[in-house]
1. Let me spell out the model: positive unit charges on the Cβ of Lys and Arg, negative unit charges on the Cβ of Asp and Glu, origin at the Cα centre of the chain. What dipole size does that give, in debye rounded to 20?
2. What number, in nm² with one decimal, is the all-direction average of the projected area of the convex hull of the alpha-carbon atoms of region 194-272?
3. Which value in nm describes the separation of the simple spin-label points at ASN202 and THR138, placed 7 Å from the Cα toward the beta carbon?
4. Can you give the local net charge around GLN165? Use residues other than it whose beta-carbon is closer than 14 angstrom to its beta-carbon, Lys and Arg +1, Asp and Glu -1.
5. Distance check, please: which entries in LYS127/LYS238; LYS91/LYS111; LYS80/LYS295; LYS222/LYS259; LYS32/LYS291 exceed 24 angstrom between their Cα atoms?
6. If I model a spin label as a point 7 Å beyond the Cα along the Cα-Cβ vector, how far apart are those points for THR187 and LYS261 in nm?
7. Give a quick list of GluC sites (Glu not before Pro) in region 158-205 that DSSP marks as loop, anything other than H, G, I, E or B, with at most 16 other Cβ atoms within 10 Å.
8. Kindly express, to the nearest 10 degrees and within the range 0 to 90, the angle between helix 301-314's C-alpha long axis and the longest C-alpha principal axis of the chain.
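Any read-out appearing in this document is the output of simple, stated calculations on the displayed coordinates, not a laboratory observation. Just so we're clear, the structure is a prediction, and the values are computed from it rather than from any experiment. Neighbour counts are summed over all protein chains in view; Cβ atoms, including those assigned to glycine, are modelled from backbone coordinates with ideal geometry.
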Amino acid sequence: MDEKLLSTKEVAERLGLTVTTIYQYVKNQKLKPVYDDWQVDETMLFYLSDVQRLENQRPEGYTTAQVAEELGIHQTTVSKQIKEGKIKADKVKYKGRMTYFVSYDVLEELKMDYNNNRSNKDYFYQKKWNYYLYQPFTNVKNNEFARVEKITKDSGHIITDNGEQIKFEQLKEKGFYPREKYVNLNTINKPGDISFQFKLPNSLHSPVYEVIELFYRNLSYKNMKLFIEDDYINIQVKPVLLKLSNDVTYTLLQEHVVKGKVTERHNGILLDSCLESILIHMNKEQKRRLKHESKRNGITVDQLIVSIIDEHYKE
């Protein structure tokens, strides 16, 4: 017998798993011992080639990047919640790296939890009233300033400079009107998005809110997402040219971009997703396998190809 054999402990160490998990792999026929009658001397041995095949086989489930995209949160937040035990994930050795994978069932539960938790607190646009989160208001009677502080499914409220909360239903009675009404723009079909993260400001007059107003003005709710998490405002916007020249705004965007690129142009500020298209040709069997794998993982073919490329270069 020329091929190298590995013990259960050696396989576990190589795959970054526990011995108990290796026994489970054998029980589920995911890994086959060299000898079927290993129970006689209670020693399991495995061919190195079988272990290598398992080592390079992509585990079922979603990476932290894919989970983040599905939930609309940052990848660092997913990793943090996995380490804190808030998200159940399996850490396995894949292509020489220890990688977290989240199962399909766990991701579906997370989606439901996030949707339920955000049903009353993370709306940033109220269609019935046509109001946006943090939209500025002014009192026509005394010129008092206010912003939308919270939006729910059916209503919301503003908060004034004096700290008073006023429901949408009472605004006209109290003399509050929007400083600006944002126009609903067409959907931008450019691929990808640019992500920003801002610390939740203490002042209603913070430049951060002015940047958000700029997004509303240039994108409207159709081309962006906004949600609050751990005292941070997270914003995802479609690629766009912001037609203004403002050093303060440009610096603020540069300092808080977490995905994508911010570039100053002669005619404004360009927000670029940095995604480029590439045309490739493959045979029918390769295409079928890609479609099957993407469907099995619940992602698009584009996302699958990008993940394969990322994993290749990480290796």
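1. Values: 48 positive and 45 negative charges, 221 e Å.
Taking the Cα centre of the chain as origin, the dipole is about 1060 debye.
2. Numbers: hull surface 19.2 nm².
Over every viewing direction, the Cα hull of region 194-272 projects on average to 4.8 nm².
3. 2.7
4. Working: positive: ARG147, LYS150, LYS167, LYS174; negative: GLU144, GLU149, ASP161, GLU164, GLU169.
Computed value for this residue: -1.
5. Working: LYS127/LYS238 20 Å; LYS91/LYS111 21 Å; LYS80/LYS295 27 Å; LYS222/LYS259 19 Å; LYS32/LYS291 29 Å.
Over 24 Å apart, Cα to Cα: LYS80/LYS295; LYS32/LYS291.
6. 2.7
7. Details: sites: GLU164, GLU169, GLU173, GLU180; in loops: GLU164, GLU180.
Those satisfying the criteria are GLU164, GLU180.
8. 70
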